[in-house]
Amino acid sequence: MAITQLVEPMYELTGYQKTNLLYILNKLSDAIKMAIEKDGTLQLNGIGTFSLLKKKARVGRNPKDGSALQIPEKTVLHFKMHKSLRDAFKK
């Protein structure tokens, strides 16, 4: 889903101007990034939790020829959906 696809539902829920909503939604990713860089985690009540996970270095396989590859350690962004949101999609 593109950010622009969120503008219409947000407009229907709030009645705010679409240009203002688009600006806010575009800045949301920057705000999330800044919060995670500061604290390492960000919990949005009713939505879920963003956190940073360190993946250990490991040996992988090249799918073309099957040769071994060393995959370096890296940090990845992890998202865990809130239970109430997860349950809403079970219906």
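None of the figures in this text is laboratory data; all of them are computed from the coordinates on show. Worth saying up front: this structure is predicted, and the values here are computed from it rather than measured. Here Cβ is always computed from backbone atoms with ideal geometry, including for glycine, and neighbour counts include all displayed protein chains.
Model label points for E12 and D65, set 7 angstrom from Cα along the Cα-to-Cβ axis, are 5.5 nm apart.
Residues in the stretch 22-33 carry Karplus couplings, in order, of 4, 4, 4, 5, 5, 7, 4, 5, 5, 5, 5, 4 Hz; the curve used is 6.51 cos²θ - 1.76 cosθ + 1.60 with θ = phi - 60°, and Gly or Pro positions show x. If you wrap the chain in the convex hull of its Cα atoms and look at it from every side, the mean projected area works out to 9.4 nm². Taking Lys and Arg as +1 and Asp and Glu as -1, the other residues whose beta-carbon sits under 9 Å from that of V76 total +3. Give me the angle, in degrees from 0 to 90, between the Cα long axis of helix 3-14 and the longest principal axis of the Cα atoms of the chain, rounded to the nearest 10. Helix 3-14 sits roughly 30 degrees off the main axis of the chain.
In a fully extended conformation the segment linking I3 and K74 would gain 22.8 nm over its present Cα-Cα distance, using 0.36 nm per residue.
Of the GluC sites (Glu not before Pro) found in the chain, those that fall in a DSSP loop while having at most 12 other beta-carbon atoms within 10 Å are E73.
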